[in-house]
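Taking it in order: structure first as C-alpha coordinates, then the write-up.
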Amino acid sequence: MKPEEATIKIKKSKNSLSYGSLIKVFYAAVTVFAVIYIFPVIWIFITSIRPNSDIHKFPPSIIPQALTIQNYVYVFTGMKGFLRYFLNSVVVTSATVVFVLISSALSGYAFGMRKFKGNQILFMLVLSVLTIPYIMYLIPIYIMEYKMGLTDTYLGLILPYVALNLPWGLLIMRGAFSTIPLDIRDAAIVDGCSEFRMVFQVLIPIVKPAFVTTTIITFVFAWQEFMFASTINKRNEWQTLPVGIVWLRDELQTMAMGRVGAAIILSIIPVIILFLVFRKFFIEGLSEGMLKG
(Lines give C-alpha, C1' and ligand atoms only; values in the text may rest on other atoms or scores of the structure.)
Protein backbone atom coordinates (compact mmCIF):
# COMPACT_ATOMS: atom_id res chain seq x y z
CA MET A 1 0.00 0.00 0.00
CA LYS A 2 1.30 3.41 -0.90
CA PRO A 3 1.98 5.91 1.90
CA GLU A 4 -0.52 8.35 0.36
CA GLU A 5 -3.31 5.72 0.41
CA ALA A 6 -2.53 4.80 4.01
CA THR A 7 -2.70 8.47 5.01
CA ILE A 8 -6.09 8.86 3.30
CA LYS A 9 -7.47 5.77 5.07
CA ILE A 10 -6.26 7.03 8.45
CA LYS A 11 -7.95 10.39 7.84
CA LYS A 12 -11.19 8.68 6.83
CA SER A 13 -11.15 6.49 9.93
CA LYS A 14 -10.56 9.53 12.12
CA ASN A 15 -13.41 11.39 10.42
CA SER A 16 -15.76 8.43 10.82
CA LEU A 17 -14.69 8.06 14.45
CA SER A 18 -15.38 11.72 15.19
CA TYR A 19 -18.73 11.53 13.39
CA GLY A 20 -19.73 8.47 15.40
CA SER A 21 -18.71 10.20 18.62
CA LEU A 22 -20.80 13.24 17.74
CA ILE A 23 -23.83 11.01 17.09
CA LYS A 24 -23.39 9.33 20.47
CA VAL A 25 -23.08 12.69 22.23
CA PHE A 26 -26.18 13.94 20.41
CA TYR A 27 -28.26 10.91 21.44
CA ALA A 28 -27.01 11.20 25.01
CA ALA A 29 -28.01 14.87 25.13
CA VAL A 30 -31.43 14.12 23.63
CA THR A 31 -31.96 11.34 26.17
CA VAL A 32 -31.11 13.67 29.06
CA PHE A 33 -33.50 16.34 27.80
CA ALA A 34 -36.23 13.72 27.28
CA VAL A 35 -35.83 12.47 30.85
CA ILE A 36 -35.94 16.03 32.21
CA TYR A 37 -39.02 16.79 30.13
CA ILE A 38 -40.94 13.66 31.12
CA PHE A 39 -39.87 13.61 34.79
CA PRO A 40 -42.77 15.85 36.01
CA VAL A 41 -45.26 13.42 34.46
CA ILE A 42 -43.50 10.47 36.09
CA TRP A 43 -43.48 12.30 39.43
CA ILE A 44 -47.21 13.06 39.18
CA PHE A 45 -47.92 9.39 38.41
CA ILE A 46 -45.81 8.25 41.38
CA THR A 47 -47.65 10.77 43.58
CA SER A 48 -51.02 9.48 42.35
CA ILE A 49 -50.30 5.92 43.55
CA ARG A 50 -48.96 6.92 46.97
CA PRO A 51 -50.95 7.27 50.18
CA ASN A 52 -50.88 10.72 51.81
CA SER A 53 -48.62 9.53 54.61
CA ASP A 54 -45.96 8.57 52.05
CA ILE A 55 -46.38 11.76 50.01
CA HIS A 56 -45.76 14.16 52.90
CA LYS A 57 -42.97 12.31 54.66
CA PHE A 58 -39.56 13.97 55.05
CA PRO A 59 -37.13 13.56 53.46
CA PRO A 60 -39.05 12.81 50.25
CA SER A 61 -38.11 9.84 48.08
CA ILE A 62 -38.70 9.04 44.43
CA ILE A 63 -39.41 5.37 45.09
CA PRO A 64 -42.73 5.00 47.00
CA GLN A 65 -42.70 2.98 50.20
CA ALA A 66 -46.36 2.02 49.78
CA LEU A 67 -48.74 1.82 46.81
CA THR A 68 -52.46 2.46 46.59
CA ILE A 69 -55.19 2.91 43.99
CA GLN A 70 -57.51 4.71 46.37
CA ASN A 71 -56.73 8.07 44.76
CA TYR A 72 -58.08 6.82 41.42
CA VAL A 73 -61.08 5.23 43.11
CA TYR A 74 -61.83 8.54 44.81
CA VAL A 75 -61.60 10.45 41.51
CA PHE A 76 -64.38 8.32 40.01
CA THR A 77 -66.53 7.92 43.12
CA GLY A 78 -65.84 10.89 45.38
CA MET A 79 -64.90 13.77 43.09
CA LYS A 80 -68.23 15.33 42.20
CA GLY A 81 -67.99 16.85 38.74
CA PHE A 82 -64.97 14.96 37.37
CA LEU A 83 -67.01 12.79 35.03
CA ARG A 84 -69.00 15.83 33.89
CA TYR A 85 -65.78 17.73 33.16
CA PHE A 86 -64.44 14.72 31.28
CA LEU A 87 -67.64 14.50 29.21
CA ASN A 88 -67.49 18.21 28.40
CA SER A 89 -63.92 17.85 27.15
CA VAL A 90 -64.85 14.83 25.03
CA VAL A 91 -67.77 16.65 23.38
CA VAL A 92 -65.88 19.90 22.74
CA THR A 93 -62.70 18.19 21.54
CA SER A 94 -64.47 15.67 19.30
CA ALA A 95 -66.60 18.35 17.63
CA THR A 96 -63.57 20.61 17.16
CA VAL A 97 -61.53 17.82 15.56
CA VAL A 98 -64.34 16.85 13.18
CA PHE A 99 -65.00 20.41 12.03
CA VAL A 100 -61.28 21.19 11.61
CA LEU A 101 -60.62 18.00 9.66
CA ILE A 102 -63.50 18.55 7.24
CA SER A 103 -62.71 22.23 6.76
CA SER A 104 -58.94 21.77 6.42
CA ALA A 105 -59.36 18.86 4.00
CA LEU A 106 -61.64 20.84 1.67
CA SER A 107 -59.65 24.07 1.94
CA GLY A 108 -56.34 22.22 1.65
CA TYR A 109 -57.56 20.61 -1.56
CA ALA A 110 -58.74 23.96 -2.91
CA PHE A 111 -55.48 25.75 -2.14
CA GLY A 112 -53.22 22.83 -2.99
CA MET A 113 -54.73 21.40 -6.20
CA ARG A 114 -56.96 24.11 -7.61
CA LYS A 115 -55.83 27.42 -9.07
CA PHE A 116 -58.02 30.48 -8.64
CA LYS A 117 -57.53 34.22 -8.54
CA GLY A 118 -56.12 35.49 -5.27
CA ASN A 119 -55.05 32.01 -4.15
CA GLN A 120 -51.79 33.04 -2.49
CA ILE A 121 -53.15 36.26 -1.00
CA LEU A 122 -56.10 34.51 0.61
CA PHE A 123 -53.84 31.73 1.89
CA MET A 124 -51.48 34.21 3.52
CA LEU A 125 -54.39 36.07 5.10
CA VAL A 126 -55.60 32.85 6.73
CA LEU A 127 -52.11 32.02 7.97
CA SER A 128 -51.74 35.51 9.43
CA VAL A 129 -53.97 34.30 12.27
CA LEU A 130 -50.97 32.29 13.49
CA THR A 131 -48.83 35.40 13.86
CA ILE A 132 -51.07 36.91 16.55
CA PRO A 133 -50.95 35.52 20.14
CA TYR A 134 -54.11 33.67 21.15
CA ILE A 135 -54.69 35.98 24.09
CA MET A 136 -55.30 38.87 21.68
CA TYR A 137 -58.47 37.13 20.46
CA LEU A 138 -59.86 36.43 23.91
CA ILE A 139 -61.65 39.70 24.69
CA PRO A 140 -63.20 40.23 21.20
CA ILE A 141 -64.39 36.62 21.09
CA TYR A 142 -65.83 36.84 24.60
CA ILE A 143 -67.73 40.06 23.79
CA MET A 144 -69.17 38.56 20.60
CA GLU A 145 -70.21 35.32 22.28
CA TYR A 146 -71.69 37.15 25.27
CA LYS A 147 -73.86 39.25 22.98
CA MET A 148 -74.87 36.16 20.98
CA GLY A 149 -75.69 34.17 24.13
CA LEU A 150 -73.04 31.50 23.48
CA THR A 151 -71.31 31.68 26.86
CA ASP A 152 -71.73 28.56 29.02
CA THR A 153 -72.41 26.38 25.97
CA TYR A 154 -70.48 23.77 24.01
CA LEU A 155 -70.72 25.89 20.87
CA GLY A 156 -69.12 28.82 22.66
CA LEU A 157 -65.86 26.84 22.90
CA ILE A 158 -66.11 24.84 19.68
CA LEU A 159 -66.31 27.89 17.41
CA PRO A 160 -63.13 29.66 18.64
CA TYR A 161 -61.26 26.35 18.84
CA VAL A 162 -62.10 25.62 15.20
CA ALA A 163 -61.13 29.14 14.13
CA LEU A 164 -57.77 28.97 15.93
CA ASN A 165 -56.86 25.47 14.69
CA LEU A 166 -58.05 25.76 11.09
CA PRO A 167 -54.96 27.71 9.91
CA TRP A 168 -52.70 24.90 11.16
CA GLY A 169 -54.88 22.31 9.47
CA LEU A 170 -54.91 24.31 6.24
CA LEU A 171 -51.12 24.71 6.30
CA ILE A 172 -50.54 20.98 6.74
CA MET A 173 -53.25 19.76 4.35
CA ARG A 174 -52.39 22.23 1.60
CA GLY A 175 -48.80 21.06 1.62
CA ALA A 176 -49.89 17.42 1.51
CA PHE A 177 -52.38 17.92 -1.34
CA SER A 178 -49.84 19.90 -3.36
CA THR A 179 -47.61 16.78 -3.52
CA ILE A 180 -50.31 14.69 -5.24
CA PRO A 181 -49.95 14.47 -9.05
CA LEU A 182 -52.84 16.15 -10.86
CA ASP A 183 -53.20 13.02 -13.01
CA ILE A 184 -54.78 11.22 -10.05
CA ARG A 185 -57.41 13.95 -9.70
CA ASP A 186 -58.08 14.00 -13.43
CA ALA A 187 -58.41 10.21 -13.57
CA ALA A 188 -60.95 10.24 -10.72
CA ILE A 189 -62.98 12.93 -12.48
CA VAL A 190 -62.93 10.96 -15.75
CA ASP A 191 -64.19 7.89 -13.86
CA GLY A 192 -67.23 9.88 -12.75
CA CYS A 193 -66.27 10.89 -9.20
CA SER A 194 -67.85 14.01 -7.85
CA GLU A 195 -65.42 16.49 -6.32
CA PHE A 196 -66.47 15.76 -2.74
CA ARG A 197 -66.28 12.00 -3.28
CA MET A 198 -62.88 12.36 -4.92
CA VAL A 199 -61.49 14.35 -1.99
CA PHE A 200 -62.69 12.02 0.75
CA GLN A 201 -62.40 8.64 -0.99
CA VAL A 202 -59.42 9.09 -3.32
CA LEU A 203 -57.18 11.92 -2.13
CA ILE A 204 -57.43 11.79 1.67
CA PRO A 205 -56.21 8.15 1.86
CA ILE A 206 -53.11 9.33 -0.02
CA VAL A 207 -52.42 12.14 2.49
CA LYS A 208 -53.30 10.05 5.56
CA PRO A 209 -50.17 11.08 7.54
CA ALA A 210 -51.04 14.77 7.17
CA PHE A 211 -54.66 14.01 8.08
CA VAL A 212 -53.56 12.19 11.24
CA THR A 213 -51.12 14.97 12.14
CA THR A 214 -53.90 17.55 11.90
CA THR A 215 -56.04 15.34 14.11
CA ILE A 216 -53.36 15.06 16.82
CA ILE A 217 -52.49 18.78 16.85
CA THR A 218 -56.16 19.81 17.01
CA PHE A 219 -57.01 17.21 19.66
CA VAL A 220 -54.14 18.24 21.95
CA PHE A 221 -54.98 21.95 21.64
CA ALA A 222 -58.70 21.51 22.34
CA TRP A 223 -58.20 18.92 25.08
CA GLN A 224 -55.72 20.94 27.14
CA GLU A 225 -56.85 24.52 26.39
CA PHE A 226 -57.44 26.53 29.57
CA MET A 227 -57.62 30.25 28.81
CA PHE A 228 -60.73 30.34 26.61
CA ALA A 229 -62.47 27.61 28.61
CA SER A 230 -62.04 29.42 31.91
CA THR A 231 -63.18 32.76 30.46
CA ILE A 232 -66.11 31.87 28.22
CA ASN A 233 -67.68 29.25 30.49
CA LYS A 234 -68.32 30.34 34.07
CA ARG A 235 -70.90 27.83 35.27
CA ASN A 236 -69.52 24.68 36.86
CA GLU A 237 -71.46 22.21 34.72
CA TRP A 238 -69.95 23.57 31.48
CA GLN A 239 -66.30 23.49 32.50
CA THR A 240 -63.85 21.32 30.60
CA LEU A 241 -61.30 19.06 32.26
CA PRO A 242 -58.31 21.46 32.56
CA VAL A 243 -60.44 24.07 34.33
CA GLY A 244 -62.36 21.45 36.28
CA ILE A 245 -59.18 19.97 37.74
CA VAL A 246 -58.18 23.40 39.09
CA TRP A 247 -61.62 23.75 40.68
CA LEU A 248 -61.35 20.27 42.17
CA ARG A 249 -57.89 21.08 43.52
CA ASP A 250 -59.29 24.13 45.29
CA GLU A 251 -62.14 22.07 46.73
CA LEU A 252 -59.81 19.33 47.96
CA GLN A 253 -57.20 21.82 49.21
CA THR A 254 -53.65 21.66 47.92
CA MET A 255 -52.56 19.02 50.46
CA ALA A 256 -54.56 16.26 48.69
CA MET A 257 -51.87 15.89 46.06
CA GLY A 258 -52.49 12.18 45.48
CA ARG A 259 -56.08 12.76 44.35
CA VAL A 260 -55.14 15.76 42.23
CA GLY A 261 -52.31 13.74 40.66
CA ALA A 262 -54.71 10.91 39.82
CA ALA A 263 -57.07 13.37 38.11
CA ILE A 264 -54.19 14.85 36.11
CA ILE A 265 -52.95 11.42 34.98
CA LEU A 266 -56.45 10.43 33.88
CA SER A 267 -56.72 13.67 31.91
CA ILE A 268 -53.54 13.07 29.91
CA ILE A 269 -54.14 9.38 29.14
CA PRO A 270 -56.29 10.10 26.03
CA VAL A 271 -53.51 12.28 24.56
CA ILE A 272 -50.87 9.61 25.20
CA ILE A 273 -53.04 6.88 23.67
CA LEU A 274 -53.78 8.98 20.59
CA PHE A 275 -50.10 9.74 20.02
CA LEU A 276 -48.97 6.12 20.57
CA VAL A 277 -51.56 4.78 18.14
CA PHE A 278 -50.73 7.25 15.36
CA ARG A 279 -47.09 8.07 16.14
CA LYS A 280 -45.75 6.56 12.90
CA PHE A 281 -47.85 9.00 10.88
CA PHE A 282 -47.08 12.09 12.96
CA ILE A 283 -43.52 12.98 11.87
CA GLU A 284 -44.24 11.92 8.29
CA GLY A 285 -47.32 14.11 8.22
CA LEU A 286 -45.46 17.14 9.55
CA SER A 287 -42.67 16.80 6.97
CA GLU A 288 -45.11 16.10 4.16
CA GLY A 289 -47.54 18.85 4.99
CA MET A 290 -45.41 21.70 6.33
CA LEU A 291 -42.00 21.28 4.67
CA LYS A 292 -43.22 20.40 1.18
CA GLY A 293 -46.03 22.95 1.31
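Applying the criterion of at least 3 residues that are under 30 Å from E195 (Cα atoms) and modelled with pLDDT of 85 or more to the helices (runs of 4 or more DSSP H) found wholly in segment 44-122 leaves 82-113. T213 falls short on exactly one of the conditions (1) surrounded by fewer than 23 Cβ atoms within 10 Å (Cβ to Cβ); (2) touching a Leu at 6+ places or on another chain (Cβ under 9 Å), and that condition is (1).
In segment 225-293, which helices (runs of 4 or more DSSP H) lie fully inside it and hold 3 or more residues that are modelled with pLDDT under 70? Walk me through how you get there before you give the answer.
Details: elements: 227-232, 241-252, 257-286.
Here the list reads 241-252, 257-286.
Name the residues in segment 67-91 that are closer than 15 Å to M257 by Cβ and among the aliphatic types (A, V, I, L, M), would you? Of everything in segment 67-91, those that are closer than 15 Å to M257 by Cβ and among the aliphatic types (A, V, I, L, M) turn out to be V75, M79.
The single condition among (1) part of a helix (DSSP H, G or I); (2) modelled with pLDDT under 90 that A222 does not satisfy is (2).
Got at least one residue in segment 200-221 being in contact (Cβ under 8 Å) with a residue 60 or more places away in the chain and more than 22 Å from the chain's Cα centre (by Cα)?
First pass over segment 200-221, keeping only residues in contact (Cβ under 8 Å) with a residue 60 or more places away in the chain: 200, 203-204, 207-216, 218-219, 221.
Next, from what is left, pick out any that are more than 22 Å from the chain's Cα centre (by Cα): 200, 203.
Within segment 200-221 (the criterion being in contact (Cβ under 8 Å) with a residue 60 or more places away in the chain and more than 22 Å from the chain's Cα centre (by Cα)), the answer is yes, since at least one residue qualifies.
If a residue must be over 21 Å from the mean Cα position of the chain (by Cα), among the β-branched types (V, I, T) and surrounded by 15 or more Cβ atoms within 10 Å (Cβ to Cβ), how many such residues does segment 121-171 contain? Counting residues in segment 121-171 that are over 21 Å from the mean Cα position of the chain (by Cα), among the β-branched types (V, I, T) and surrounded by 15 or more Cβ atoms within 10 Å (Cβ to Cβ) gives 3. If you go through segment 105-112 one residue at a time, do you hit one that is exposed (fewer than 14 other Cβ atoms within 10 Å of the Cβ) and not aromatic (F, W, Y)? No, segment 105-112 contains no residue that is exposed (fewer than 14 other Cβ atoms within 10 Å of the Cβ) and not aromatic (F, W, Y).
The values are calculated or read from the model by the stated rules, or taken from the named source; none is laboratory data. Keep in mind that what you see is a predicted model, and the values were worked out from it rather than measured. We place every Cβ from the backbone using ideal geometry, glycine too, and count neighbours over all the protein chains shown.
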